[in-house]
Protein chains: 2
Amino acid sequence: MSKKEQIIKESIRLFSEYGYEATSMTKIAEKVDIKKPSLYAHFKNKEAIFYNAVEQVTEEYVDFILTTIQKSRHLSSKETLYNVLHQSYTNEYLLDFLGEFFYRFVLFTPYEVADQIKPLIKKSEEQLESALIKIIEEGQANREIDPALSSHVVLRHYLFIFNNLDVDVRYYSLRGIELEQYLNDIWSVFWRGVKN
Amino acid sequence: MSKKEQIIKESIRLFSEYGYEATSMTKIAEKVDIKKPSLYAHFKNKEAIFYNAVEQVTEEYVDFILTTIQKSRHLSSKETLYNVLHQSYTNEYLLDFLGEFFYRFVLFTPYEVADQIKPLIKKSEEQLESALIKIIEEGQANREIDPALSSHVVLRHYLFIFNNLDVDVRYYSLRGIELEQYLNDIWSVFWRGVKN
DNA sequence: GTCTATAGGGAGATAGAC
DNA sequence: GTCTATCTCCCTATAGAC
């Protein structure tokens, strides 16, 4: 792994744990075992490191979800929707590094870099939404999901769960069986609420 | 309003907008029209200001919810649960100042002050949960809510909505009719999912 | 309680040798 | 690309006069 890649990798961890302001260039340099000024040979400034970190995280995040959807293509809409949730929350790398970072900065974007990173996040959202709405509409065509419901209402609640489970998982430090139970509780009410 | 109260009031706004680290003592001092060192006549340090801010926000937040529940006592469980959500998200003060602050620091507590403020937040959660579980169990006794569901599963989904709507409202900048629509979409799937 | 002045430290960033 | 040395700025916090 090149120094540049190492810097991104370690900065993702630091930014997620401490936040943007509280992550100093010195700390990043220590993690990749160089001195602070050497960072500037790889990136123009701290904002550039952050931008590259966001870019990598959103790409990996979207890739993971789209791949999971692909793999579930032969299953019912119910199973696909459940799998996407389940896989997202039982994959440790996704949960511990990408997810932590993604949600911290989606929710509370540092002022100085907001303009730069908002387009990156918006793009990732659009990719996910267009993949999910297809599955929901297929489910309605199959009569798995109540066709009387607007597909956008179903998508809205699903995305609501998808996005915010992350918040709860982190907040309550849910792992293993507890996480599984939590996911199933939330899912069961959702599915009762949309099934045909 | 005393200077001390002014400091808390303005610091709540600043902390919510910029976060803990990015809110400096100088900015707080400017907002209350004194010089930075004068702040130290009122509070020991920045952490103390933050602690007092959290304390005030959690108290006002819980008070508001418990009062709303009280006022809805003569209504059905369905109406009470809906009202609590609706009132919380159509009250501007709650949404713009208390909510913004509360969720920012519930989700991403600054390292240095985490140990101090976590008990404050935990207490507020417990107060809300014990009030809500009563309403849900009443609803099951009345046959409004499916008694076959565990009341804790219902509470979990309700709290999930209650807590995380805030995240979405802020993220999508939902206001007025859009917010109303969003709330109703989420509510409709939830109620379909728990009703008898 | 409020001020001016300042200590002391850490931040981001740059210059220039190797 | 990496380093040492350093600049400049802003931070929290304190000393001490009024």
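Below are the figures for this structure:
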| quantity | calculated |
| --- | --- |
| Inter-residue pairs, beta-carbon under 8 Å, first at the interface with another protein chain (Cβ under 10 Å from one of its Cβ atoms) and in region B:96-107, second surrounded by fewer than 20 Cβ atoms within 10 Å (Cβ to Cβ) and among the hydroxyl-bearing types (Ser, Thr, Tyr), 6+ apart | B:VAL106/A:TYR171; B:LEU107/A:TYR171 |
| Count of region A:1-16 residues which are modelled with pLDDT of 95 or more and not in a helix (DSSP H, G or I) | 1 |
| Test for A:LYS46: is it more than 10 Å from DNA strand D (Cβ to nearest atom) and within 19 Å of A:ASP96 (Cβ to Cβ) | no |
| Leading residue by the ranking (nearest to DNA strand D (Cβ to nearest atom)) among those in region A:17-34 that are touching a helix residue (DSSP H, G or I) at 6+ places or on another chain (Cβ under 6 Å) and assigned to a loop (DSSP other than H, G, I, E, B) | A:VAL32 |
| Residue that is more than 14 Å from chain B (Cβ to nearest Cβ), aromatic (Phe, Trp, Tyr), out of contact with any Lys or Arg (no Cβ under 8 Å at 6 or more places or on another chain) and free of Cβ contacts under 8 Å to residues at least 24 places away in the same chain, where the choices are A:TYR93, A:TYR111 | A:TYR93 |
| From the options B:TYR93, B:TYR89, B:TYR61, residue that is within 15 Å of B:ALA131 (Cβ to Cβ), assigned to a helix (DSSP H, G or I) and more than 16 Å from DNA strand D (Cβ to nearest atom) | B:TYR61 |
| Neighbours by Cβ (under 8 Å, 6+ apart or cross-chain): first from region B:26-44, within 10 Å of DNA strand C (Cβ to nearest atom); second in a loop (DSSP other than H, G, I, E, B) and modelled with pLDDT of 95 or more | B:ALA29/B:LYS35 |
| Test: residue in region B:171-186 that is within 11 Å of chain A (Cβ to nearest Cβ), in contact (Cβ under 8 Å) with a residue 60 or more places away in the chain and farther than 22 Å from A:ARG104 by Cβ | yes |
| For A:ILE69: the one exception among (1) among the hydrophobic types (A, V, I, L, M, F, W, C); (2) buried (at least 18 other Cβ atoms within 10 Å of the Cβ); (3) more than 25 Å from A:TYR89 (Cα to Cα) | (3) |
| Subset tally (residues that are of a type outside the set (Lys, Arg) and free of Cβ contacts under 8 Å to residues at least 24 places away in the same chain) for region B:141-162 | 7 |
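The values are calculated or read from the model by the stated rules, or taken from the named source; none is laboratory data. None of the values given here were measured: they were computed from a predicted structure. Using ideal geometry, Cβ is built from the backbone for each residue, glycine included, and neighbour counts are taken over all protein chains shown.
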